[in-house]
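The values are calculated or read from the model by the stated rules, or taken from the named source; none is laboratory data. This structure is a prediction, so every number in the text was calculated from the model and none was measured. Every residue, glycine as well, gets a Cβ built from its backbone with ideal geometry; the counts of neighbours run over all protein chains shown. Heavy atoms of the whole protein, side chains included, go into the accessibility calculation; ligands, DNA and RNA do not. Shrake-Rupley method; radii C 1.70, N 1.55, O 1.52, S 1.80 Å.
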Amino acid sequence: MHRRLGTTSLCKAKKIVEKTDGNVTIIEVENVEESQKPKVELGKHSCALCALPMKIKYTDVLILEQFMREDGTVLPKQITGICPKQQYRLERCVMQAHWAGLFPDKTLPDFDRAGYKRFNRYWDDDWDMYKTQVKVKAGSWFYVHQHRPRAPLFTIGNKNFEQSKETSKS
Amino acid sequence: MATTGRFARVQQWLQFHRQWHVVDASNQDVYKLGKKVADHLSGRYKPIWHPESDVGDYCVVYNCKDVAMKGFDWKHVHYHFNKEYPRSKNEIPAYQIHEFDPCRIMFMATYSELGNNLIRRQHILRLHLFTDDNIPEIIRANIGRQMELVQEIPKKSTDFSEKDKTKFPQLFTRNENHLLDWEVPIKAPEYIRDPRIKKKK
């Protein structure tokens, strides 16, 4: 891997809007110092993700985080300077990472975790989310019962009937 | 290896000894792990394997409730149960079975990977599945070896320390005219569905 890394010698300043309240409100644009992080040189490409030698996957959490906001949404390509192909790929990878539960901080409180979405899932490629073929497998009646499934929910006299109703809906 | 002598019979016992394996099934693909567990149950990984001789081992799989499937397979994989009566078929999606009994999907995956032969019922009785990591003492005392995992578990964003995050290079440089307020999360407007449009069932 011949990825060229360079450290920041010039603090290229980003600008932030500041409001000071008194009798008079002043709205200014102020420079903010950039953090001292190593940067990836773009070289021939103008798109940051095309400059990388490999394709992005949903497991590349540190890369995906740089293109996301705090609530889990993706930044527009007008800000990040990414080509539309890579932007679509990035969005797909971010969706897959959210569904796999790799961003526990950045999810909404009412994130849809109904039914099959509670269970773990993994992806090989970002186009796997579009494959919607129904696969039928042979199920066997033969089973070695080693425990009572959902045993505390099924009691004689239906004491926990309401609890079992909730879980069957979810 | 000595084939004669006093130690020969001990070596014979050691060669055909049934080992107890343990796997943690969390974040592992059901079918890949099922294939690996089936190979260990039937003894196919051993060079002394033969289909008619039972050289299989015991396997203990825990954290079965955290087992993973690829993509939307939880929704798309339907298990077909044939009741052998006319017009009585049952197709149940995998997540419904998993909600009811977390161990059943793992069981069915290993059972089908053992192959369609007379000896698989003997082998499947040597498999012990547990929903979480609560393994009884009787079984835990027997365990001798931990099996290798089938898949890498992906790292969450909270698993990385602050040090690792600062060490990681930044990919895109911000424009001169970039304002940090553009990166602040915005509350999206609520989408209100037109009540006149009704979804056809």
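Data for the structure
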| quantity | calculated |
| --- | --- |
| Number of the condition not met by residue A:34 [criteria: (1) at pLDDT 90 or above; (2) open to solvent by less than 30 Å² (accessible area, probe 1.4 Å); (3) in a loop (DSSP other than H, G, I, E, B)] | (1) |
| Condition met for residue B:37 (aliphatic (A, V, I, L, M), touching an Asp or Glu at 6+ places or on another chain (Cβ under 9 Å), open to solvent by 10 Å² or more (accessible area, probe 1.4 Å) and closer than 27 Å to residue A:117 by Cβ) | no |
| Which numbered condition residue A:3 fails, given (1) at pLDDT below 80; (2) open to solvent by 100 Å² or more (accessible area, probe 1.4 Å); (3) part of a loop (DSSP other than H, G, I, E, B); (4) within 12 Å of chain B (Cβ to nearest Cβ) | (2) |
| Selection from the stretch B:1-28 of residues that are in contact (Cβ under 8 Å) with a residue 12 or more places away in the chain, open to solvent by 10 Å² or more (accessible area, probe 1.4 Å) and of a type outside the set (A, V, I, L, M) | B:15, B:16, B:18, B:19, B:20, B:24, B:26, B:27 |
| Meets criteria (at the interface with chain B (Cβ under 7 Å from one of its Cβ atoms), small (Gly, Ala, Ser) and exposed (fewer than 15 other Cβ atoms within 10 Å of the Cβ)) for residue A:138 | yes |
| Every residue from the stretch B:145-201 that is outside any loop (DSSP other than H, G, I, E, B), open to solvent by less than 70 Å² (accessible area, probe 1.4 Å), closer than 30 Å to residue B:29 by Cα and touching a strand residue (DSSP E or B) at 6+ places or on another chain (Cβ under 9 Å) | B:145 |
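Okay, residues lined up against (1) modelled with pLDDT of 90 or more; (2) facing chain B (nearest Cβ under 7 Å):
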{"position": "A:46", "(1), (2)": "no, no"}
{"position": "A:58", "(1), (2)": "yes, no"}
{"position": "A:73", "(1), (2)": "yes, yes"}
{"position": "A:90", "(1), (2)": "yes, no"}
{"position": "A:108", "(1), (2)": "no, no"}
{"position": "A:116", "(1), (2)": "no, yes"}
{"position": "A:133", "(1), (2)": "yes, yes"}
